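Everything below concerns the one structure shown next.
What follows draws every value from the coordinates through simple rules; no lab data is involved. In this text, all values refer to a predicted model and were calculated from it rather than measured experimentally. Heads up, the Cβs are rebuilt from the backbone with ideal geometry, glycines too, and the neighbour counts pull from every protein chain shown.
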Amino acid sequence: MISRELIEKIVFEVLTKMNVAESAENFLHSKPNLMVVKGDKEIDISSLKQLESKWNVLFTSASDPKEAVHAVLFLNADQDLLVKGALGIADTSQSSLLAKYLLKGSEVTLIPDTLLENAILADDQITKNAYAAQLLEYKERLQTYGVKIESLTNFLESAGQNLKQPEQALSFEGKLLSQKEVQASTEQDIKISAKTIVTPLARDTARDLGKTISVID
């Protein structure tokens, strides 16, 4: 008759090998998707790495949008996109994409190109210039729609800060909770993921030791 301990050992080794193949996929899905619509300039490597540390970055063209995204980032947004977005005009690929995600209620951020940034984000904005003042009005109108307009530096600093964090931290993050892990745990309440497999022997051991096993979504 095969003992429970031997069954646990076999299952643990199988899951460990499976975890190697799945680790990359699980890592991607653990982060929210950010669709990046590139402008004329490419994003530098340093900024890209900062984005990828907090997001699963999906680059796309305005004519090939991705659907399953948590937020949308327009890089190097020009005056044309700012004005048309504020007025609800969707006659170009980018303005059409902007309108689409605003209607969906998605989180949208515009990173102005250098010329536009100097006009609407500079600390010393010259509002006495009627033309510049009009651009600021378009900026403010877009912001009332929920659009964030900021520099790439500010976006990188704040990216991911408002993402929902789990209310409780897991005390065990493995794929298999066995008798050995229960005995070694210093927690009275062992918090595990809904995907974690708990062996019968682990449950018996937890009960004998007066410990509880809680599943955290």
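With a sphere of radius 13 Å drawn around the Cβ of Leu115, what net charge do the other residues whose Cβ falls strictly inside it have (Lys, Arg +1; Asp, Glu -1)?
On the way: positive: Lys41; negative: Asp40, Asp78, Asp80, Asp113, Glu117.
After counting each charged neighbour, the total is -4.
Distance check, please: which entries in Lys54/Lys84; Lys41/Lys84; Lys31/Lys180; Lys104/Lys148; Lys175/Lys211; Lys54/Lys191 exceed 23 angstrom between their Cα atoms?
Values: Lys54/Lys84 30 Å; Lys41/Lys84 21 Å; Lys31/Lys180 31 Å; Lys104/Lys148 16 Å; Lys175/Lys211 19 Å; Lys54/Lys191 25 Å.
Flagged as over cut-off: Lys54/Lys84; Lys31/Lys180; Lys54/Lys191.
Among Phe74, Phe59, what is the fewest-to-most ranking by other Cβ atoms within 10 Å? Walk me through the numbers before you get to the answer.
Working: Phe74 26, Phe59 15.
Going from sparsest to densest Cβ surroundings: Phe59, Phe74.
Quick one, can you get me the convex hull of the C-alpha atoms of the range 33-158 expressed as volume per residue in Å³? The partial results should precede the final answer.
Numbers: hull volume 12.8 nm³, N = 126.
Per-residue hull volume (Cα only) is 102 Å³.
Given a Förster distance of 25 Å, report the FRET efficiency between Glu42 and Glu140 from their Cβ-Cβ distance, rounded to the nearest 0.05. Kindly include the intermediate steps, with their values, before the conclusion.
Details: r = 30 Å, r/R0 = 1.19.
The pair Glu42/Glu140 has a calculated efficiency of 0.25.
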